[in-house]
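Reviewing the structure listed below.
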Amino acid sequence: MSSSSTLKSLLASPDFKRFFVIRLLCQSGDGLFQIALATLFFFSAQSQSSAPAIALALFVMLSPYTFVGPFVGVFLDRWQRRTVIVVADSVRAILTVILVIVILTMGINLAVYVLALIALAINRLLLSALGASLPRVVTEDQLLLANSILPTIGAAATGVGALVGLLVGLVAPVGPVRDASTLALAVVIFVASIIVALGFDRTRLGPEEHELDGFDKASVRQILHDLGQSIRVVIKLRTPAHALLSMAFMRLLYGMVFVSCILLSRNFFDTGDGSGLGSFAQIIAFTAVGFGAAIVLAPLVAKKYGEHAWIVIAMTLCVAGQVLVSVSLTSITILVTSFLLGLGTQGAKIAFDTIIQQDIPDEFRGRAFTLYDMLFNIAFMSAGGLTALFLDDTGVSIPMYLALAVGYALIGASYLRPRRPPVVLKHTPPALDSDA
């Protein structure tokens with residue numbers, strides 16, 4: 001089936017269109033929420049502008065889900081995913097309302113950090129549920145194109161939400177009102193996504209009833225056992241394990257770029273706004289354009305030449321971007337590099353997602369995507385620590401930029417061989433049988 005006919009069949013599906021809208025709403029609201037926190041933690045007068053300080057902020061923002069993540073995936077395979085999406089977004093909306101009230105009445109205090117951490121943890125649960133649910137609303141031959149549309153436009157929606165939040169931050173008066181305004185707008189988006197998600201039948205997004213283990217039998221020991229079982233399955237299948245490790249390494253490299261961009265915006269480039277927020281907004285904008293370009297290029301190239309060939313091309317673009325800023329670091333070259341990295345990293349993510357979704361049985365898919373998000377967070381936290389070793393407060397390190405280029409090249413080189421089919425599992429491990 002051609003890409004155009006596949007797209008027409010996708011757009012003709014009411015379930016896909018509903019799922020599409022949910023992804024847009026969830027992630028645009030997430031972009032608003034994250035940029036409010038980024039402004040608070042990285043670009044406010046109270047925040048420090050050093051690599052160690054940013055590394056600490058990343059650890060605080062990402063550590064809760066990393067620690068609870070192993071348990072979440074098991075629940076995704078025990079609970080109906082539509083219920084997970086509705087409940088998670090409802091809790092996010094309530095927490096964000098409380099955040100707005102606290103910021104306006106008491107200012108920035110410990111409660112703000114605690115509430116933000118919980119909301120971010122829930123967001124990772126929500127994205128895991130969405131990732132595991134996608135194969136339930138498309139056919140197998142539609143999966144590649146759906147992966148290019150939903151996660152990529154979802155990421156672009158996050159970027160758009162972030163840009164809207166940045167615009168609010170640039171026009172609103174500096175202080176609690178700026179942060180509260182962006183968060184209040186995020187609440188509206190969260191509520192809209194809940195309303196759309198309720199349009200799905202309770203069981204539509206899986207798992208099937210016969211795949212569900214009884215939740216009343218769940219225990220910490222059983223959950224850890226089930227997670228270990230799913231990890232062994234991923235390793236045995238080989239192709240999903242390769243994709244997960246490649247994704248994690250790619251996110252580690254991009255996380256180092258992200259920290260560098262924050263420091264460059266605050267301390268190296270001067271856009272006249274005094275905080276670096278305007279410069280960072282430009283970087284985010286060009287990255288979002290790269291995400292959008294990936295929507296067009298990824299399905300066309302991967303459909304014709306395969307996911308492996310597309311990953312090689314995507315990583316080559318990332319290498320080119322890092323070499324460019326190594327040779328000449330200016331306000332222009334950093335924007336060009338932001339575009340190339342947006343296109344390359346998001347384009348590769350489409351292929352990684354497709355490999356994982358196609359090659360992992362549905363009863364393990366929720367845990368696989370929780371492991372995916374767990375590795376994502378660990379990679380970003382590790383990136384913060386590594387940049388603290390390489391970067392001074394300006395964010396400039398030519399040796400680090402060149403090392404990042406080598407890292408992207410290594411990921412691409414690991415996919416030079418044609419894709420091999422995954423190992424076929426002979427049976428479902430007994431620990432996950434319905435009567436286990």
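The values are calculated or read from the model by the stated rules, or taken from the named source; none is laboratory data. Not measured: the values here are computed from a predicted model. Here the Cβ is made from the backbone with ideal geometry for all residues, glycine too, and neighbour counts use every protein chain on show. Ligands, DNA and RNA are excluded from the accessible area calculation, which covers all protein heavy atoms including side chains. Shrake-Rupley method; radii C 1.70, N 1.55, O 1.52, S 1.80 Å.
Sorting check: for 15-23, 409-417, which peptide has the highest mean count of neighbouring beta carbons within 10 Å, and how do the rest follow?
On the way: 15-23: 20.0, 409-417: 16.0.
Sorting 15-23, 409-417 by mean packing, highest first, produces 15-23, 409-417.
Assuming 0.36 nm per residue, please report the length gained on full extension of the stretch residue 90 to residue 21 beyond their Cα-Cα distance. Mind showing how you got there, number by number?
Values: separation 69, 0.36 × 69 = 24.84 nm, distance 1.66 nm.
Going from the current span to full extension adds 23.2 nm.
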- Projected label distance in nm at residue 410 and residue 267, using a 7 Å step from Cα toward the beta-carbon: 2.7
- Query: Using a Förster distance of 25 Å, how high is the FRET efficiency between residue 332 and residue 394, based on the Cβ-Cβ distance and rounded to 0.05?
  - Reply: 0.90
- Query: At what distance in nm do the modelled label points of residue 167 and residue 141 sit from each other, each positioned 7 Å from its Cα along Cα→Cβ?
  - Reply: 4.1
- Excluding ligands and nucleic acids, what accessible area in Å² is computed for residue 373 using a 1.4 Å probe, to the nearest 10? 10
- Rank by packing, highest mean first: peptides 109-120, 378-389, with packing defined as the count of other Cβ atoms within 10 Å averaged across residues. 378-389, 109-120
- Heavy-atom accessible area per residue - the stretch 257-337, 1.4 Å, Å²: 39
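Kindly rank 136-142, 102-108 from highest to lowest mean number of other beta carbons found within 10 Å of each residue. Please list the in-between numbers first.
Values: 136-142: 16.6, 102-108: 15.0.
Per-residue mean Cβ counts within 10 Å order the peptides as 136-142, 102-108.
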